[in-house]
Amino acid sequence: MSDPVRGVVLAHADLAEALVRTVEQISGVTDVLLPISNEGLRPEDLRSRLEAAATGRPSIIFVDMSSGSCAFAGRMIARGNDDIAVLTGANLPMLLDFVFHLDMPLPELSERLLHKGRAGMDAHHASGHARPDGP
């Protein structure tokens, strides 16, 4: 049996730690997600910390936004490495599903989590319908 997929939550400021703590409180599953913040780190230091956390076994790097230093670092580490997936727009539905499906193969798990993350988003307006043009 192969190692379970490792989860690394990479985000700005204190968001990674807050997301991991919240997932642990809701699920009761601990020590599965590793939070990393970009706060106070130069780009090369962030990449080094991320590389140490995400290499050596299949890993998913959950990033808060699809742009910025965190996403850039995640993509740099994953480039050319089939054992690392980067999912941007990390949210609680995605992370909660992850902690219960660590034994899935990385490609299938990545697709599942992307679907769960998107399915966890919704918009409502007083009329009961989402506004197509935003707020």
Using a 1.4 Å probe on heavy atoms of the protein chains only, the accessible area for Met121 in Å², nearest 10, reads 130 Å²
Contour minus Cα-Cα distance for Arg21 and Asp83 (0.36 nm per residue):
19.8 nm
If I model a spin label as a point 7 Å beyond the Cα along the Cα-Cβ vector, how far apart are those points for Val29 and Ala52 in nm?
2.6 nm
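Leu114 to Leu41: FRET efficiency via 1/(1 + (r/R0)^6), r the Cβ-Cβ distance, R0 30 Å, to the nearest 0.05? All intermediate terms of the calculation are to be shown ahead of the outcome.
Values: r = 27 Å, r/R0 = 0.89.
Using R0 = 30 Å, I get an efficiency of 0.65.
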Which whole-angstrom value gives the distance between the alpha carbon centres of the stretch 71-122 and the stretch 3-30?
12 Å
Using a 1.4 angstrom probe on heavy atoms only, work out the carbon and sulfur share of the accessible area of the stretch 49-92 in %.
47 percent
Could you check the simple spin-label distance between His12 and Met121, using points 7 Å along Cα→Cβ, in nm with one decimal?
1.6 nm
I'm spelling it out carefully: the read-out is mean projected area of the Cα convex hull in nm², the candidates are (i) 8.6; (ii) 9.5; (iii) 7.6, and one was derived from this structure. Which label?
(ii)
For the chain, what does the accessible surface come to per residue with a 1.4 Å probe? Please give it in Å².
58 Å²
Helix 15-27 sits at what angle to the longest principal axis of the chain, using alpha carbons and giving 0 to 90 degrees rounded to 10?
80 degrees
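The values are calculated or read from the model by the stated rules, or taken from the named source; none is laboratory data. Note that this is a predicted model, so its numbers are computed, not measured. Because the Cβ atoms are built from the backbone with ideal geometry, glycine has one as well, and the counts that use them run over all protein chains shown. Calculation scope for accessible area: heavy atoms of the full protein, side chains included, ligands and nucleic acids excluded. Shrake-Rupley method; radii C 1.70, N 1.55, O 1.52, S 1.80 Å.
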